[in-house]
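Structure first, commentary second.
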């Protein structure tokens, strides 16, 4: 069985809103062994909706639809499904009762337009929405000699869609022959090509587990996808390849899944009962902002300052804030110096300093890549210096 996900809404095709439902559904389907081969986004146009559905039925065994089930004139999913199936919309008494009860419980009169939400293509059935007004739709569309195509239509509200899928649709789906599990391993200090060279054949297409490489603001993420007959088999494959990755990349690996560099540093500082502070010029408080999002930051972060700092006074500023906060370590980020070569390409240099008990490390971060990520890379490079120092101290 394979799947296609159709996200309906002019707010999506216009770029006004981001489609996160398709991503979530793809991950949940993969967990039960149903690969998603297509993502389709279509505007609120009835003819376009019907054409997209016809195409999807011809190439997918399961279609998940999000959006277009509300009461307004541009909510056309039920009409598109009726057009696809060549049937009329008929009222479902229990769904109408649910709608009326929903509004009565809130002391409001149900608008006449909401009655459309209790209308379903003949031959389909409702998917109850326990937290909203819009029921979903479950249908099976015959395909001649092929098995029928299953269709599940959900409201576009993520919290409603997720609950309805997990509780009512997933139990109906036949699990595929293959289970898929995923893991992410995060690295810093190397570029994509360097990581790929070190990992060698591990990143070859068609491998199982498959290891993909993505980069975001100088952080490299290795995405490991494992296929197997059971979850246990997948997890063993992931564990095996993760061991190879960590062995080959060493200290460049700092965490897994959603962990950021600041998470790794603060965890080590808390465990060692150590503290730190920051002083920033070029990054204008960006490093402090990243730190503030870590739940345990208050246990070890003594505060920070944003100041205009000359290269000659960087150490003086660092020592000053260390004295004021009584922190064990101070991360200092100096002013950015930008130069442009004959081709117009910009190059940036930012001095970084880490001081601690009887310890000092300074470097110049040079960057000629995308200028939009210069400050983020500087903040990450600065806190990564503390991470590496703490790791060396533990050895």
**OP:** Within segment 75-83, identify whether any single residue is surrounded by fewer than 17 Cβ atoms within 10 Å (Cβ to Cβ), without any contact (Cβ under 8 Å) to a residue 40 or more places away in the chain and farther than 29 Å from residue 233 by Cβ, and answer yes or no.
**Re:** no
Original post:
Being part of a loop (DSSP other than H, G, I, E, B), assigned by TED's automatic domain parsing to the domain that holds residue 9 and in contact (Cβ under 8 Å) with a residue 40 or more places away in the chain, is that true of even one residue in segment 98-113?
Top reply: yes
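Each row is one residue, and each column tells you yes or no for (1) under 28 Å from residue 39 (Cα atoms); (2) in contact with a strand residue (DSSP E or B) (Cβ under 6 Å, 6 or more places away or on another chain).
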residue	(1), (2)
57	yes, yes
62	yes, yes
80	yes, no
85	yes, yes
88	yes, no
95	no, yes
101	no, no
118	yes, yes
**OP:** Among the numbered conditions (1) within 23 Å of residue 218 (Cβ to Cβ); (2) surrounded by fewer than 17 Cβ atoms within 10 Å (Cβ to Cβ); (3) within 35 Å of the chain's Cα centre (by Cα), tell me where residue 311 comes up short.
**Re:** (3)
Original post:
In segment 98-110, what residues are under 19 Å from residue 72 (Cα atoms) and surrounded by 11 or more Cβ atoms within 10 Å (Cβ to Cβ)?
Top reply: 98, 99, 100, 102, 103, 110
Original post:
For segment 258-364, list the strands (runs of 3 or more DSSP E) that sit wholly inside it and hold at least 2 residues that are touching a helix residue (DSSP H, G or I) at 6+ places or on another chain (Cβ under 6 Å); which are they?
Top reply: 276-280, 301-306, 329-333, 346-356
**OP:** Spot the failing condition for residue 393; the list is (1) within 18 Å of residue 281 (Cα to Cα); (2) modelled with pLDDT under 95; (3) part of a helix (DSSP H, G or I), and only one is missed.
**Re:** (1)
Original post:
Among 140, 51, which is the only one that is surrounded by fewer than 20 Cβ atoms within 10 Å (Cβ to Cβ), in the same structural domain as residue 30 (by TED's automatic domain parsing) and in a helix (DSSP H, G or I)?
Top reply: 51
Original post:
Is segment 58-76 home to any residue that is assigned to a helix (DSSP H, G or I) and in contact with a helix residue (DSSP H, G or I) (Cβ under 8 Å, 6 or more places away or on another chain)?
Top reply: no
Original post:
Do you know which residues across segment 126-149 are over 17 Å from residue 67 (Cα atoms), out of contact with any helix residue (DSSP H, G or I) (no Cβ under 6 Å at 6 or more places or on another chain) and touching a residue at least 24 places away in the same chain (Cβ under 8 Å)?
Top reply: 143, 147
Original post:
How about segment 88-97: which of its residues are touching a helix residue (DSSP H, G or I) at 6+ places or on another chain (Cβ under 9 Å) and not in a loop (DSSP other than H, G, I, E, B)?
Top reply: 89, 91, 93, 94, 95, 96, 97
Original post:
Which is in contact (Cβ under 8 Å) with a residue 24 or more places away in the chain, surrounded by 16 or more Cβ atoms within 10 Å (Cβ to Cβ) and over 33 Å from the mean Cα position of the chain (by Cα), of 95, 122?
Top reply: 95
Original post:
Looking at segment 371-387, is at least one residue at pLDDT below 95 and in a loop (DSSP other than H, G, I, E, B)?
Top reply: no
Original post:
For segment 342-395, which residues satisfy the criterion of being more than 24 Å from residue 329 (Cβ to Cβ) and touching a strand residue (DSSP E or B) at 6+ places or on another chain (Cβ under 7 Å)?
Top reply: 346, 347, 348, 368, 371
Original post:
Only one residue in 235, 249, 314 is assigned by TED's automatic domain parsing to the domain that holds residue 335 and at pLDDT 90 or above. Which one?
Top reply: 314
**OP:** Those residues that are assigned to a strand (DSSP E or B) and buried (at least 19 other Cβ atoms within 10 Å of the Cβ), I need them from segment 144-176; list them, please.
**Re:** 149, 150, 151, 152, 153, 154
Original post:
If you scan segment 184-221, which residues turn out to be within 29 Å of residue 233 (Cβ to Cβ), outside any loop (DSSP other than H, G, I, E, B), without any contact (Cβ under 8 Å) to a residue 40 or more places away in the chain and touching a strand residue (DSSP E or B) at 6+ places or on another chain (Cβ under 7 Å)?
Top reply: 196, 203, 210, 211, 212, 213, 214, 220, 221
Original post:
Which one of these does residue 256 not meet: (1) within 23 Å of residue 220 (Cβ to Cβ); (2) modelled with pLDDT of 95 or more?
Top reply: (2)
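The values are calculated or read from the model by the stated rules, or taken from the named source; none is laboratory data. Just so it is clear, the structure is predicted and the values come from calculations on it, not from any experiment. Reconstructed Cβ throughout: ideal geometry from the backbone, glycine too, with neighbour counts over all protein chains shown.
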